[in-house]
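The values are calculated or read from the model by the stated rules, or taken from the named source; none is laboratory data. All figures in this text were calculated on a predicted structure; none of them were measured in a lab. For neighbour counting, all protein chains shown are included, and Cβ atoms are generated from backbone atoms with ideal geometry for every residue, glycine included. Please note that ligands, DNA and RNA were not included when accessible areas were found on the heavy atoms of the full protein model with its side chains. Shrake-Rupley method; radii C 1.70, N 1.55, O 1.52, S 1.80 Å.
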Amino acid sequence: MLAIALMGVRWPGFGSHSPEPLRPMGTWPPLHRGAGPYCERAHLQEKPLSSTPVIGPVIGPVIGPVMGTAMDCAWRVRRSISTAGAGQGMAPPMDKHIEPELCRTMKEVRRGVDATDKALISLLATRFGYMRAAARIKQTHEEVRDEDRKREVIDNAVAEAKALGVPDALIAQFWEALVECSIAYEGEEWKRIRA
Ligand SMILES: O=C(O)C(=O)C[C@]1(C(=O)O)C=C[C@@H](O)C=C1
């Protein structure tokens, strides 16, 4: 048994479901920008406990399958959390979630969607704050709608979507609606401040 342990046999079940091979730090290929702020540093994670060589063969066969699942899940959540918002100053912290490519159940997917939506709302709250600022700064109500700037904002979003590999036609539609909502909000705000 000791000989097997010293040979580095892995703890059965621990991390055995991991869909990606673990690589030593620094050996991962550069991530496509589409990986986004929440996985930018994912490849810097240390190895999970699945690599523990000594105790594995002794008690692993007994508690491995149960603990393995729990540890694997915990590792995937931790891996996501520890990378949330990495390197993106404006990215809000995200609730516990598992990165999309690591999800295996709809429960995990929906938890990720809910966490993402919450972060998006936080960013939208910031954006609408800038609309209130614009409403305060613009001297006339006619200035609220600026078609040139609207075009520029949508073009920026489309360019970013292309860079991230997101369907840019959908993003263009999305931003059209977003800027129109922003104009409506800013217009109401402009009037409210001066009423
Ligand atoms: O840049 C502005 O002037 C804004 O008020 C912001 C904003 C936007 O949503 O980004 C809103 C209204 C304008 O038509 C253009 C852009």
Show the residue pairs meeting these rules: Cβ distance below 7 Å; 6+ apart or different chains; first residue within the stretch 165-191 and under 15 Å from GLU152 (Cα atoms) and near the ligand (Cβ under 10 Å from one of its atoms); second residue open to solvent by less than 30 Å² (accessible area, probe 1.4 Å) and not in a helix (DSSP H, G or I). ILE183/VAL144
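Have a look at ASP146, ASP95, ASP114 and point out the one that is free of Cβ contacts under 8 Å to residues at least 12 places away in the same chain and not hydrophobic (A, V, I, L, M, F, W, C). Even if it seems obvious, please write down each step before you answer.
On the way: ASP95 fails: free of Cβ contacts under 8 Å to residues at least 12 places away in the same chain; ASP114 fails: free of Cβ contacts under 8 Å to residues at least 12 places away in the same chain.
Unique residue meeting the criteria: ASP146.
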Give me the residue from the stretch 149-164 that is within 14 Å of the ligand (Cβ to nearest atom) and in contact (Cβ under 8 Å) with a residue 24 or more places away in the chain and, out of that set, surrounded by the most Cβ atoms within 10 Å (Cβ to Cβ). ILE154
Determine which member of the set GLU108, GLU101, GLU142 is of a type outside the set (A, V, I, L, M, F, W, C), surrounded by fewer than 12 Cβ atoms within 10 Å (Cβ to Cβ) and within 30 Å of THR69 (Cβ to Cβ). GLU101
